[in-house]
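A.B. asks: Got a structure here, written out as structure tokens. Questions coming.
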Amino acid sequence: MVFSSIPFIFLFLPAAVLVYLLTPARYRNLVLLLENLVFYACSALPALPVLACLIVADYLCGLSIYRYRRSKKRARVPLIIGVCINVICLLFMKHKLFYFSFLTLPAESKLGFDFLIPIGISIYTLQGISYLADLYRNRVKVQRHFISFAMYLSMFPQMICGPIVRYSDISETVVSRQTNANTISKGYNLFIRGLAKKLVLADTMLSLWKTVKEMNYATLPVLTAWLGILGFAFGIYFYFSGYTDMARGIAKILGFEFPMNFNSPYTAKSLTDFWRRWNISLTVWCKSYVISPLGKKHDSFLITMFRLILLWALMGLWYGNGWNFLLWGLVLGVLIAVEQLFLSPLLEKLPILIQRIYTIVIVLCAWVIFEIKDVTQVWAYYKAMFTGNAGSWGELFAGGGSFFADGTSLYLLGCYAVILLICILGSGSLIHNLGLKCEQRSSRAALGLRIASEIVLTLLCLLILAGGAGIGTTFFVHF
């Protein structure tokens, strides 16, 4: 059950919110826990025991860490046990098919485990690790109440695509929180914006990418190749940021404040800047619980390279269980390490436009590795992007434009030009800044504009859902 499906939008979510709001404050954690389990059961019932076991393990390890808090040596034992349980569970449940690729097992033996892959395991295992690590470092208070802890670790809003919500981010609201007309209004605004991103922009851009991906790369013109990867880049961005906005909106309605996860990444001026803006909660988690324990900020060249490459290899595997994800992470790790160690002073001297072109070209090239599983096909797509598969540069420029574009290229450009323009504007900070300026000049006008936009987006989403487009479609779910 995904957030853009009709059962979720018209059945589960209204019922869950209504029951939650009608419940006395002292019982809301219990009610929300039950709603989390219902959502999880509807999405992946056979894997529900995995979530339950991890909740119990993290809860008991947390109590043990607190019990031995005066002795770091003794408290380290339940910390290591808890971290190992989460990591082993994540590696086995999410990446077993990846590991099975080493083995000569029948296909049916590999696929027999599919039904056990728990939805959201990439999210709640990292949340469990962060809770135990912060508890060990005395950065959070222990949660003694099992229902409250289970509610935190299993919260349904971030189960699909995050964000990763550390216990320290919401520890106070786990204990006590307020909901009112203002939080409900702002929460709905976030939710409908996220739903529109997914249904209107992400699904449209991913359909463009799907069309191009199915073509023969050996005959692909330059324009078609760039349109395709732009479609993927905008599609994955609005898919992730849309689901994150929906999660943050639902959380706000329930009285929680989830962290922002995307901050206009395609306006970044370097690769390092891009990954500060993309999937922020994952980047922060990795810095806090992977990079920091590995060493100090000003380590030697080799140690810095090792940390960055290891970090990005792990991030690649976090996104998926194929070789392409690992290769994508390794390539980005090397590029970011080179940028931070050598190129940063040079980049800062270049015009902002050049910095952004440099960043977006590398990011688009990296997305090719991320999405295409066959390495030979990746190389073929690169040739299409930069040469149109011409035999030489002379042939490329003497080809009379046939290598740059053909009838299909122009047709796709005509079909998707308006949505591409909306994506370019929507992926930047222009619209947000205009909203802030409007609010500064007149709060009443800003409120009217927000209500009008909510009505328009609601009607647009209803029309799309009524037409059957985007219903329950999933491009990427964090297993």
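A.B. asks: Carbon and sulfur atoms: what percent of the 1.4 Å accessible area of the chain do they account for? All intermediate terms of the calculation are to be shown ahead of the outcome.
C.D. replies: Details: 15420 of 22560 Å².
Whole-percent figure for carbon plus sulfur exposure: 68.
A.B. asks: Cβ under 10 Å from G231's Cβ, G231 left aside: what net charge do those residues give with Lys, Arg +1 and Asp, Glu -1?
C.D. replies: +2
A.B. asks: At a threshold of 8 angstrom on Cα-Cα distance, excluding pairs fewer than six apart, so keeping six or more, what relative contact order does the chain reach in percent?
C.D. replies: That works out to 20 percent.
A.B. asks: Label-point separation (nm) for T23 and Q178, each offset 7 Å from Cα along Cα-to-Cβ?
C.D. replies: Each label point is offset 7 Å from its Cα along the Cβ direction, giving 2.1 nm.
A.B. asks: Each residue of region 223-232 in turn: what ³J(HN,Hα) in whole Hz from Karplus with 6.51, -1.76, 1.60 and θ = phi - 60°, glycine and Pro shown as x?
C.D. replies: Taking θ as phi minus 60°, the curve returns 4, 5, 5, 5, 4, x, 6, 5, x, 5 Hz for region 223-232.
A.B. asks: May I pose another question? Ranked highest first by average number of other Cβ atoms within 10 Å, how do 71-80, 273-282, 85-94 line up?
C.D. replies: The most tightly packed comes first, giving 273-282, 85-94, 71-80.
A.B. asks: Quick check: Cα centre of region 258-298 to Cα centre of region 430-465, how many Å?
C.D. replies: 29
A.B. asks: To test your reading of the geometry: what angle, between 0 and 90 degrees and rounded to tens, separates the Cα axis of helix 203-213 from the longest principal axis of the chain?
C.D. replies: Taking the Cα atoms of the chain, the angle to 203-213 is about 50 degrees.
A.B. asks: What net charge is computed for the residues neighbouring S168, neighbours being all others with C-beta under 12 Å from the C-beta of S168, Lys and Arg scored +1, Asp and Glu -1?
C.D. replies: Charge balance near S168 sits at +1.
A.B. asks: Placing +1 on the Cβ of each Lys and Arg and -1 on the Cβ of each Asp and Glu in the chain, which of S43, V456, S148 has its Cα farthest towards the positive end of the resulting dipole?
C.D. replies: S148
A.B. asks: Would you kindly find the accessible area of E172, with a 1.4 Å probe and non-protein molecules such as ligands, DNA and RNA excluded, rounding to the nearest 10 Å²?
C.D. replies: Using a 1.4 Å probe on the heavy atoms, I get roughly 150 Å².
A.B. asks: To continue, here is another question. Sum up the charges of everything whose Cβ sits under 15 Å from the Cβ of F240, counting Lys and Arg as +1 and Asp and Glu as -1, but leave F240 out.
C.D. replies: Summing Lys/Arg as +1 and Asp/Glu as -1 gives +2.
A.B. asks: Give me the orientation-averaged projected area of the Cα convex hull of the chain, in nm², one decimal.
C.D. replies: Projected area, direction-averaged: 26.2 nm².
A.B. asks: Taking 0.36 nm per residue of separation and subtracting the Cα-Cα distance, what length does fully extending K437 through L343 add?
C.D. replies: That pair, K437 and L343, stretches by 30.3 nm at full extension.
A.B. asks: What order, most packed first, do the peptides 190-198, 406-414, 437-445 have when packing is the mean number of other Cβ atoms within 10 Å of each residue? Working shown, then result.
C.D. replies: Numbers: 190-198: 23.8, 406-414: 14.2, 437-445: 11.0.
Most protected by this proxy first, the peptides run 190-198, 406-414, 437-445.
A.B. asks: Between S402 and L463, 0.36 nm times their residue separation minus their Cα-Cα distance comes to what?
C.D. replies: Extra length from S402 to L463 when fully extended: 18.0 nm.
A.B. asks: What full-extension length gain, to one decimal in nm, is calculated for I80 and L353 as 0.36 nm per residue of separation minus the Cα-Cα distance?
C.D. replies: Extra length from I80 to L353 when fully extended: 93.6 nm.
A.B. asks: Here is a follow-up. With charges set only on the Cβ (+1 for Lys and Arg, -1 for Asp and Glu), what does the dipole of region 335-387 come to about its Cα centre, in debye to the nearest 20? List each step's numbers first, then the result.
C.D. replies: Values: 4 positive and 4 negative charges, 22 e Å.
In debye, rounded to 20, region 335-387 gives about 100.
A.B. asks: Defining a contact as two alpha carbons under 8 Å apart and six or more residues distant in sequence, what relative contact order in percent does region 209-267 show?
C.D. replies: Dividing the mean separation by the residue count of region 209-267 yields 26 percent.
A.B. asks: Report, in debye and to the nearest 20, how large the dipole of the chain comes out about its Cα centre when Lys and Arg carry +1 and Asp and Glu carry -1 on their Cβ.
C.D. replies: Taking the Cα centre of the chain as origin, the dipole is about 2060 debye.
A.B. asks: What is the helix-to-structure angle for 430-441, meaning the angle in degrees between its Cα long axis and the longest Cα principal axis of the chain, kept from 0 to 90 and rounded to the nearest 10?
C.D. replies: With both axes taken from Cα atoms, the answer is about 60 degrees.
A.B. asks: OK, next. Just to verify a number: FRET efficiency for R137 and A445, C-beta to C-beta distance, R0 = 51 Å, to 0.05?
C.D. replies: 0.65
A.B. asks: Mind putting together the pair-distance distribution for region 1-41? All Cα pairs, 5 Å bins, whole percent per bin, short to long.
C.D. replies: All Cα pairs, binned at 5 Å, distribute as 5, 25, 29, 22, 12, 5, 0 percent.
A.B. asks: Excluding ligands, DNA and RNA, what is the solvent-accessible area per residue of the chain at a probe of 1.4 Å, expressed in Å²? Could you put the intermediate results ahead of the total?
C.D. replies: Values: 22560 Å² over 479 residues.
Per residue, the chain has an accessible area of 47 Å².
A.B. asks: I've got another one for you. Which order do peptides 232-241, 252-261 fall in by mean Cβ count within 10 Å, highest first? List each step's numbers first, then the result.
C.D. replies: Details: 232-241: 24.5, 252-261: 20.7.
Highest-to-lowest ranking by the protection proxy: 232-241, 252-261.
The values are calculated or read from the model by the stated rules, or taken from the named source; none is laboratory data. In this text, all values refer to a predicted model and were calculated from it rather than measured experimentally. Quick reminder, even Gly has a Cβ in these numbers, built from the backbone with ideal geometry, and neighbours come from all protein chains shown. Calculation scope for accessible area: heavy atoms of the full protein, side chains included, ligands and nucleic acids excluded. Shrake-Rupley method; radii C 1.70, N 1.55, O 1.52, S 1.80 Å.
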